[in-house]
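The structure appears right after this line, and notes come after that.
The values are calculated or read from the model by the stated rules, or taken from the named source; none is laboratory data. On a predicted model such as this, the values are computed, not experimentally measured, just so you know. Using ideal geometry, Cβ is built from the backbone for each residue, glycine included, and neighbour counts are taken over all protein chains shown. Heads up: the accessible areas ignore ligands, DNA and RNA and are worked out on the full protein's heavy atoms, side chains in. Shrake-Rupley method; radii C 1.70, N 1.55, O 1.52, S 1.80 Å.
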Amino acid sequence: MRLSVQYRNGQRLPPETLGVPVRLSVNPRARRLSIRIDGRAGEAVLVAPSERKLGEVVAFARTRADWMRERLAERPDSAPLEPGAVVPLYGRPTLLVAVGGAGAAQLIDGPDGPVIQSGGEGEAFSRRVENLFKRLARQVLVERTEHHLRTLGQRPVTVSIADTRSRWGSCSPHNRSIRYSWRVILAPPAVADYLAAHEVAHLVHADHSPAYWSVVHTLVGDHRPYRKWLRDHGPALHAVGR
């Protein structure tokens, strides 16, 4: 008698199992089995509402093996933070320039557009530029978070900035904390504003029910263009600095 395979949340399956690297994820708020592509990690994420459903989502993924391979093959090349590179900031192409010394990275207006000047060499240069992105992300996202909190009459929250592997943001209503990926600062300002609204709305509704999306609509109007922008351009943002 063949025993059924036991899967667990967070488990990674070797590429030979489904033809691509796969990670299993349990999301109790999920309404159905789903597959998403984590461009940064270079793997497919199989999402199920419970651990007992993980076997079903693996079986479903077997029918989408070609699609997963195609999507992962579309991942953009890495975009290191090095002198001479052009990377997005606020959705605008921004030139990285080395200026010598050990000074922190600074954003300036150049004759042909925005420029980030930084001291340091090699990894030190990259680290200074990334630190600038994190500082700018905190400024923008804290301001937009506070704006949406006031609109909804919500109490303050703790905001943190990280480099998450898959999520652009997450909200923990029970301890009133919101965490954002600093990479959203690379996107146009309206997208960052939507992300802040998305997370603040979870303080009102922890799910993605119609009532939740109604709150998001109150804050930013039609959210669909912003969600589509992140789906279309997210892998390129995750490639920055890799």
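Putting +1 on Lys and Arg Cβ atoms and -1 on Asp and Glu Cβ atoms, find which of 141, 202, 233 reaches farthest to the positive end of the dipole of the stretch 95-242. So the residue furthest toward the plus end is 202.
Relative to the globular-protein estimate of 2.2 N^0.38 Å, the Cα radius of gyration of the chain stands at 1.13.
Can you bin the stretch 73-131 into rounded, prolate or oblate? Criterion: square roots of the alpha carbon gyration tensor eigenvalues sorted a ≥ b ≥ c, rounded for a/c under 1.5, prolate for a/b above b/c, oblate for the rest. In terms of gyration-tensor shape, oblate.
If R0 is 30 Å, the Cβ-Cβ spacing of residue 82 and residue 142 corresponds to a FRET efficiency of close to 0.55.
So how strong a dipole does the stretch 192-242 carry about its Cα centre when Lys and Arg Cβ are +1 and Asp and Glu Cβ are -1, to the nearest 20 debye? Mind showing how you got there, number by number?
Numbers: 5 positive and 5 negative charges, 46 e Å.
About 220 debye.
Placing unit charges on the Cβ atoms only, positive for Lys and Arg and negative for Asp and Glu, gives the stretch 1-88 a dipole magnitude near 600 debye about its Cα centre. The mean sequence separation of alpha-carbon pairs under 8 Å and at least six residues apart, normalised by the residue count of the stretch 70-211, gives a relative contact order of 20 percent.
Based on Cα contacts under 8 Å between residues 6+ apart, the stretch 170-242 shows a relative contact order of 31 percent.
At a 1.4 Å probe, what is the % contribution of carbon and sulfur to the accessible area of the stretch 156-226?
For the stretch 156-226, the apolar C and S fraction of the accessible surface comes to 54 percent.
Relative to the Cα centre, the charge distribution of the chain, modelled as +1 at Lys and Arg Cβ and -1 at Asp and Glu Cβ, gives a dipole magnitude of about 1020 debye. In the frame of its principal axes, the stretch 21-141 has Cα extents of 56, 29, 25 Å, reported largest first.
Principal-axis analysis of the Cα atoms of the chain puts helix 224-239 at an angle of about 80° to the longest axis. Taking the C-alpha atoms only, the angle from helix 123-152 to the longest principal axis of the chain is near 70 degrees.
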